[in-house]
Amino acid sequence: MENRAQDGARQDELATLVRGLAAELGRQADRGVVRVAAPPRASAPAPPPAPRQAPPASGPAPDAGGGADPARVAENRRLALETADLVGLKAVVAACRACALCETRTQTVFADGPDGGTGKTRVLFIGEAPGQNEDEQGVPFVGRAGQLLTDIIEKGMGLSRREVSIANVLKCRPPDNRDPTPAEKALCTPFLDRQIELIDPEVLIPLGLHATQHLLDSTESMGRLRGRVHMRGGRKVVPTYHPAFLLRSPSMKKECWKDIQLAMRELGLGRPK
Ligand code: URA
C-alpha cells in the first residue's frame, strides 16, 4: 500500500515537472527563443493553485510575484462589476494602485478602438502587457509589433483599426518588459473580464502564449491552442501568434494568416479585395 502511495506521489511529481517544462518550452517557443514540437498532453491532474498571501494589515501592495492578495483581487472585481460602462472602467483602471506596477508606469494602457477604446466592437485583440511605447503613449500596440497588428487588421482583414478593439491582459507596463507575474494577472483580470463584457465582442483574438493561456485557463502550448475556435463564456476565442514573435519568425506569418481567416469566417467577413 505504502509503496503504491509513494509511486503515485512520484508520478504526480514527475507529471508536474513535465507540465512545467512543457509550459516553459511553449513560452520560449512563443517568444522565438526555442522552437519545439508540441509537447504531449499531460494526463495528470492540474497542479494546485499558487499559494495565496494574506492581505497585509496596511502599507503598500505586495510585490509582484507569487500569489495575489485575495482582498485586492476582490476589491478590483467589486470596482469592475460596479462600473456600468467602458468610460467608467477606463477611469477605474487609471486609478488602480493594487500592485507595484503603478509605481513604475507612466500611465495605464486601457484599450484602442472606437472612442479611444471605450466603444463596442465585434472583435477584441488581447495582448500580454504594454511595452515602452505603449506606456509612453497610453495606447496598446503602437510599436513595431503594433504596426504589424495594424497590417493584419487593415490589409489582412480589410477592417480599419478603429473598427476593432485592442487591449492587454495587464494594463500597466512590467519594468524591462519582463513577463507578467501570476499576481499581476490575477489583480488585473477583473478589469479585463469586465472590459470583455462591456465591449461585448463576438470573437476574442488572444495574441501569443501569455494571453492565450490566460484567456483559456490552459497550460498547453501555442502550437496546440491555435488553429481552432475555443469557447469562453459564450464567446469565440481564436488564438494566434503575437506580432512580436512574427517579427522574429516571419515564416510563421502564414500560420497567423490561417488563424485570422478562421476568425474572419466566424465573423462572416469575406477576404478583402
Ligand atoms: N505587446 C503587447 O502584448 N501589448 C502591447 O500593447 C504591445 C506589445
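The values are calculated or read from the model by the stated rules, or taken from the named source; none is laboratory data. No experiment lies behind these values; they were computed from the predicted model shown. Here the Cβ is made from the backbone with ideal geometry for all residues, glycine too, and neighbour counts use every protein chain on show.
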Kindly provide the set of residues from segment 68-100 that are within 16 Å of the ligand (Cβ to nearest atom) and in contact with a helix residue (DSSP H, G or I) (Cβ under 6 Å, 6 or more places away or on another chain), ordered by number. Val93
Which residues, taken from segment 117-175, are within 15 Å of the ligand (Cβ to nearest atom) and hydroxyl-bearing (Ser, Thr, Tyr)? Thr150, Ser165
Expected output for segment 229-243 (first residue farther than 16 Å from Arg122 by Cβ, partner of a type in the set (Gly, Ala, Ser) and in a strand (DSSP E or B), Cβ below 9 Å, 6+ apart or cross-chain) is His242/Gly127; Pro243/Gly127
Per the filter on segment 201-248, residues small (Gly, Ala, Ser) and under 18 Å from Phe141 (Cα atoms) are Gly208, Ala211, Ala244
Every residue in segment 77-98 that is assigned to a helix (DSSP H, G or I) and of a type in the set (Lys, Arg), please. Arg77, Arg78, Lys90
Candidate set: segment 101-116, residues that are within 13 Å of the ligand (Cβ to nearest atom) and among the hydrophobic types (A, V, I, L, M, F, W, C); chosen: the one nearest to Lys236 (Cα to Cα): Ala111
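Taking the condition under 16 Å from Arg105 (Cβ atoms) and either touching a residue at least 24 places away in the same chain (Cβ under 8 Å) or of a type in the set (Lys, Arg) (or both), does Leu198 pass? Walk me through how you get there before you give the answer.
On the way: under 16 Å from Arg105 (Cβ atoms): no; either touching a residue at least 24 places away in the same chain (Cβ under 8 Å) or of a type in the set (Lys, Arg) (or both): yes.
It is false that Leu198 is under 16 Å from Arg105 (Cβ atoms) and either touching a residue at least 24 places away in the same chain (Cβ under 8 Å) or of a type in the set (Lys, Arg) (or both).
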Of the residues in segment 66-113, those that are among the small types (Gly, Ala, Ser), under 18 Å from Asp179 (Cα atoms) and surrounded by fewer than 16 Cβ atoms within 10 Å (Cβ to Cβ) number 1
Listing of strands (runs of 3 or more DSSP E) fully contained in segment 161-273 that carry 1 or more residues being modelled with pLDDT of 95 or more and surrounded by fewer than 18 Cβ atoms within 10 Å (Cβ to Cβ): 230-232, 235-237
